[in-house]
Every structure is written in structure tokens, then in C-alpha cells.
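Trainee: First the structure, which I've put down as C-alpha cells, then a few questions once you've had a look.
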Amino acid sequence: MFNSSRNARVRRSLDRTAAAFLTLLREEPYIKITVSQLSELAGITRKTYYRNFLSMEDVVDYVVFKAIHDGLRTNACTSLNEYLNRFFSFCYENREVFSLLNERGLFGNLSSGLQRYMSRSAFLDKALNSAGLTQPEVDVFWNSLFGAEISLLRYWLDEDWRSSSEEMTALVERGFKKFLRAPIWG
């Protein structure tokens, strides 16, 4: 886990390390990046690196956290369509970083970070509860949605971002609606 301090100096150090990591990742494979290289490029000491990160995987985790923290606002979404569109727009805006992580074999790190840091919409939570869903059913809904988003992100990466964020949103929306009406429920 990375250092979660809100101290401005710590945040600057984390941000510099993340930027240096992405620079190095563009130049060489993930497994060849060393703490020494990363620290030097980030302008921090090894001691500072180890104060902020336990491992190189923690740096990847921070890259994902920072992207979500800086760009994904889903808490106040008032419709599933809006929620999905914000998610896919966010992914498209971060496609260079997400593609790089995927190309370097770090999609698992990306997907686990996304699932860990994406937020649910409080408005949609209330709407689902008002529609009669129990809290465990609402939790299953969100877990299913997050899983679908991650799978579709993988699909989108594999197709080299050919679809727009609006097309991806429509794909999920159509799929869920058809799935719910399908005569498979018995």
C-alpha cells in the first residue's frame, strides 16, 4: 500500500514517483524498473521511496488511484447511463496510461485498482433501495457492474479504443436490458 498521508509534501513525492514510473515504463519493461532508477528520476531518496511505497506494485496502485482521484466523479450520478458514460469517458481520457499498463502486463493491477477505488453513486444506491432491492442485492448489483466495466475495458483495450465512450455506454445498457428480459431466470 502506498502512503495515504494527506501531507502536501508526501503527495508531491507520490506524484513525482508516479510520473517517473510512467516515463520509465514507456522506455522499458516493468520488471526492469529499479527503485534506484525510479528514485533518481523522481528526485527523491530511496528512503523516501520506501517511506511511501512497500513495492513497485504499490506505485502502479498509486497511478490508478491518482487517475481516479483526479478524474472520475461518479458519486452524484443520477442515472446508470450517466454513471457508465462518466466511467467510459474517464477511461478514454486515460487511454494512454491504461494502454501502457496493459501492454506491460499490468492489466490485473489496473483492474484491481479500479475496483478498489471506483465509487458507487449514492443517488443510485438510494434509488435501488427505493425500488425494493435489499442491501445485499444492491451490493451484488455494484459488484456485477464493476466486473462488467473491467471486462469491457479489457475489450476496449483489445480493440484499440475503436469505439467511443458513448458507444461503450450504449453497449452495456443494451446488454443489461436484454439480459434482464432474457428467459433464463426460470
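The values are calculated or read from the model by the stated rules, or taken from the named source; none is laboratory data. Every value quoted in this text rests on a predicted model; they were computed, and no experiment measured them. Note that each Cβ is placed from the backbone with ideal geometry, even for glycine, and that neighbours are counted across all protein chains shown.
Trainee: Determine which single condition Thr78 fails, assuming it passes every other condition in (1) within 19 Å of Phe176 (Cβ to Cβ); (2) assigned to a helix (DSSP H, G or I); (3) among the hydroxyl-bearing types (Ser, Thr, Tyr).
Mentor: Condition not satisfied by Thr78: (2).
Trainee: When you check Leu110 against the structure, is it over 23 Å from Lys177 (Cα atoms), under 13 Å from the mean Cα position of the chain (by Cα) and assigned to a helix (DSSP H, G or I), yes or no?
Mentor: yes
Trainee: Within the range 36-95, restricting attention to residues that are of a type in the set (Asp, Glu) and closer than 21 Å to Thr23 by Cα, which residue is surrounded by the most Cβ atoms within 10 Å (Cβ to Cβ)?
Mentor: Among those residues, the one meeting the criterion is Asp61.
Trainee: Scan the range 140-172 residue by residue and report those that are surrounded by 16 or more Cβ atoms within 10 Å (Cβ to Cβ), polar (S, T, N, Q) and part of a helix (DSSP H, G or I).
Mentor: Ser165, Thr169
Trainee: What number goes with the only condition from (1) outside any helix (DSSP H, G or I); (2) hydroxyl-bearing (Ser, Thr, Tyr); (3) closer than 30 Å to Glu173 by Cβ that Ser89 does not pass?
Mentor: (1) is the only condition that Ser89 fails.
Trainee: Now a separate question. Give the residue that is modelled with the lowest pLDDT, with candidates limited to residues of the range 158-172 that are within 12 Å of Asn81 (Cβ to Cβ) and in contact with a helix residue (DSSP H, G or I) (Cβ under 6 Å, 6 or more places away or on another chain).
Mentor: Residue satisfying both the conditions and the ranking: Val172.
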